Amino acid sequence: MWLAFIIASHGCIFTPITLLINGFAGNSFAWWPVAIGAMGMCLITNLAAMPTKITIPVFLFSLVLDLVIIINAFAIIVNS
């Protein structure tokens, strides 16, 4: 269940929203590898069949990375 939730939510909801907001803020290329890497971390830990005690903290860390990108994008929008 966690595998499907993490892959589907990150690949279909969180990463696209993060990159869309980044695009609205001027499309800073520096944040693209961070967002894709955050999604990749979740994908690799899930496909490697790591235990839940590893996959859930990695998922939460990747959500924190996405949140940092979104906050930075909003800061860029507000300052311009």
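Values in this text are rule-based calculations from the coordinates and carry no lab data. Nothing here was measured: the structure is a model prediction, and the numbers come from that model. Every residue, glycine among them, receives a Cβ derived from its backbone with ideal geometry; neighbour counts consider all protein chains shown.
Against the test of being part of a helix (DSSP H, G or I) and crowded, with 16+ Cβ neighbours inside 10 Å, the options Ile21, Ile44, Ile77 yield a single qualifying residue, Ile21.
Return yes or no: is Ala49 assigned to a loop (DSSP other than H, G, I, E, B) and exposed (fewer than 11 other Cβ atoms within 10 Å of the Cβ)?
Details: assigned to a loop (DSSP other than H, G, I, E, B): yes; exposed (fewer than 11 other Cβ atoms within 10 Å of the Cβ): yes.
It is true that Ala49 is assigned to a loop (DSSP other than H, G, I, E, B) and exposed (fewer than 11 other Cβ atoms within 10 Å of the Cβ).
Of all residues in segment 57-80, those that are touching a residue at least 40 places away in the same chain (Cβ under 8 Å) have Cβ atoms under 6 Å from Cβ atoms of residues that are among the hydrophobic types (A, V, I, L, M, F, W, C) and not in a helix (DSSP H, G or I), 6 or more apart or on another chain, in Ala73/Ala25; Ile76/Ala25; Ile77/Ala25.
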